[in-house]
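Questions regarding the structure given below will be posed in turn.
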Amino acid sequence: QDASLLPAGAYTVTYAVAHGSAILPPVSRTIYLATVPNAVSSVAITRASRTTAKVGWPAVANAAPLSYRYRIYRSTTKTWSAWRYTSGGGRSVTLRKLVAGRTYRVQIVATNALGASETTSAAYRHR
């Protein structure tokens, strides 16, 4: 069957090898048909300390294997940071060196070998 007609996901394939009149026992393997990831559904930002905040988001389930990239906008400098990957495909990061009363923005992108999701954004005013 043409694999391009199947939806993305995990599939188990079972096959047997015949050699002459001998047929070896069947073997099963799981294969993954990938797709570009969906966007992260939400981003939560909470105060962790006087100068830090924790950013977290739920897993994207439609497109393994996955990694996540994020960047931060600091109103103090009016610039976006470079895109960074989370450690080990993690779904949280800690914002550091925050200033009370300032607004920060975070953008998250889910990525895999086929591409990147749409960007998900959240804003946070540090207290």
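The values are calculated or read from the model by the stated rules, or taken from the named source; none is laboratory data. Quick caveat: nothing in here was measured; it's all calculated off a predicted structure. When the accessible area is computed, the model is the full protein with side chains, heavy atoms only, and any ligands, DNA or RNA have been set aside. Shrake-Rupley method; radii C 1.70, N 1.55, O 1.52, S 1.80 Å.
Report relative contact order for the chain in percent, whole number only (criteria: Cα-Cα under 8 Å, sequence separation at least 6). Intermediate values should be presented prior to the final figure.
Values: 273 pairs, mean separation 32.1, N = 127.
For the chain, the relative contact order is 25 percent.
On to the next question. With a 10 Å cut-off between alpha carbons and a GNM built on the chain, which of P26, P37, P58 moves the most?
Highest fluctuation among the options: P26.
Could I ask something else about it? Using the alpha-carbon centroid of each, what span in Å lies between segment 80-127 and segment 20-44?
Using only Cα atoms to place each centre, the spacing works out to 29 Å.
Can you pull the semi-axes for the chain, root of five times each eigenvalue of the Cα gyration tensor, sorted largest first, whole Å? Walk me through the intermediate numbers first.
Values: eigenvalues 398, 36, 22 Å².
Those come to 45, 13, 10 Å.
Tell me, what is the per residue accessible area of the chain in Å², probe radius 1.4 Å? If you can, show how the numbers build up before the last one.
Working: 8220 Å² over 127 residues.
Counting only protein heavy atoms, the per-residue value for the chain is 65 Å².
Now for a separate question. Pulled fully out, how much extra length does the chain show between V36 and A16, if you take 0.36 nm times their separation in residues and subtract their Cα-Cα distance?
Working: separation 20, 0.36 × 20 = 7.20 nm, distance 3.21 nm.
4.0 nm is the gain from fully extending V36 to A16.
If you don't mind, another one. So between R105 and I23, what do we pick up on full extension, going 0.36 nm a residue minus the alpha carbon distance? Walk me through the numbers on the way to the answer.
Numbers: separation 82, 0.36 × 82 = 29.52 nm, distance 6.06 nm.
Extra length available between R105 and I23 comes to 23.5 nm.
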